[in-house]
Amino acid sequence: MISRRNIRVKVMQTLYACSTETEQNSKVPSPSKILDQHFNQTRSLFVYLIYFITQIARYAEKDAHKRASKYIPSAHDLNVNTKLAGSGLLWQILEDKQLEEQLKKDKPENMIDEELVKKIYNQLTKTSEYHHYISINQQSKQEDRKIFEFILNDYMLGNEDFISHIEELFSNWSDDGEMVVQLLQAYLHKPGSAKFQEIVSTDKARFAQQLLATVLDKNDYLLEFITPKLKNWDPERIALLDMVIMKMGVAEFLYFETIPPKVTINEYIDLAKEYSTAQSGHFVNGILDNIHKELVQEGRLKKTDYKKA
């Protein structure tokens, strides 16, 4: 479920955290444990988004109850449409046993902003899309999905208040948001399809742990390839994150035979541009490209059976 790019980001963040802790002489947690925490955070974000959208849908019933309980309810108060709260899609989600188990672990109800849920629901009920939905008498999987996607796209992702809320809760939103939203969109099409405990496939989990372990175990050897290429660069001005990225790149050259060098270089250029300094993309590109050429010339690059990275 998690892409190789996100795997690399989390390994990079784990290595950076370990390097920072070492420099500060702090107690260094297990790198493997730090990496697992990153994956757990991705899972929790996914679960929370599902939970939040169900709370918006379920608020229709809560709203109806509140209005009917007024001292002198109006005819409108007594006839609030609760179709959204009784939708087939919502109940397919609520009856998902795997989600139920994950909700017990994550306890998203302790993080939910009830006022934000209420605000979004009230805004939703004023839209033509909502009125079209409740005007349809029969149950329709397609219409259920359309209104849920409308809520997600326009009233969650398109809502500054919601984005601020999610950013406060999940520091990984900027890293994982796009990918997790894609997972949620797929889930809305097929509730019950997500294997929350397998948010990382077996192959990708193995890749993540092997990449992390390789960079840590072969640190000095990897530096033997990088250090000679730094002659024209001031070592003191090389960002720590750039060094982490370059070591990961060289590790992939040497120890991951099925990943094409071009894929490795392009991936780490992109990570350097996005996560490090303005000059980092150019810098990482130059160093990794030189190391790659040297390995090819010396016949030390062993690559077989290229697979999509």
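The values are calculated or read from the model by the stated rules, or taken from the named source; none is laboratory data. Just so we're clear, the structure is a prediction, and the values are computed from it rather than from any experiment. A quick note on method: Cβ atoms are made from the backbone with ideal geometry, for glycine too, and the neighbour counts reach across all protein chains shown. Quick note on the areas: whole protein, heavy atoms, side chains included, nothing else; ligands and nucleic acids left out. Shrake-Rupley method; radii C 1.70, N 1.55, O 1.52, S 1.80 Å.
Here is how the numbers come out for the structure above:
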quantity	calculated
Close pairs (8 angstrom Cβ cut-off, 6 or more residues apart or separate chains): on the phi < 0 side of the Ramachandran plot in the stretch 276-290, open to solvent by 60 Å² or more (accessible area, probe 1.4 Å) anywhere	Ser280/Lys273; Gly281/Asp270; Gly281/Lys273; Phe283/Trp233
So Lys141, is it more than 18 Å from the chain's Cα centre (by Cα), modelled with pLDDT under 95 and open to solvent by 40 Å² or more (accessible area, probe 1.4 Å)	yes
Residue pairs meeting the criteria (Cβ under 8 Å; at least 6 apart or on separate chains; first open to solvent by less than 100 Å² (accessible area, probe 1.4 Å), in the stretch 188-200; second among the hydroxyl-bearing types (Ser, Thr, Tyr))	Ser193/Tyr187; Ala194/Tyr187; Ile199/Thr42
Per-region count, the stretch 75-115, residues within 26 Å of Tyr133 (Cα to Cα), open to solvent by 50 Å² or more (accessible area, probe 1.4 Å) and in a loop (DSSP other than H, G, I, E, B)	6
Residues (in contact (Cβ under 8 Å) with a residue 60 or more places away in the chain, closer than 17 Å to Thr82 by Cβ and of a type outside the set (Ser, Thr, Tyr)) located in the stretch 99-152	Val117, Ile120, Leu124, Ile147, Phe148, Ile151
Every residue from the stretch 201-233 that is open to solvent by less than 90 Å² (accessible area, probe 1.4 Å), without any contact (Cβ under 8 Å) to a residue 40 or more places away in the chain and not in a helix (DSSP H, G or I)	Lys218
Residue list for the stretch 155-181, restricted to those being open to solvent by 40 Å² or more (accessible area, probe 1.4 Å) and without any contact (Cβ under 8 Å) to a residue 24 or more places away in the chain	Gly158, Glu160, Ser164, Glu167, Glu168, Ser174, Glu178
Criterion: under 20 Å from Tyr16 (Cβ atoms) and among the acidic types (Asp, Glu) - qualifying residue of Asp289, Asp242	Asp242
The lone exception for Asp242 - which of (1) open to solvent by 20 Å² or more (accessible area, probe 1.4 Å); (2) among the charged types (D, E, K, R); (3) within 23 Å of the chain's Cα centre (by Cα) it fails	(1)
Scan of the stretch 60-74 for residues that are open to solvent by 70 Å² or more (accessible area, probe 1.4 Å), modelled with pLDDT of 75 or more and not in a loop (DSSP other than H, G, I, E, B), ordered by number	Glu61, Lys62, Lys66
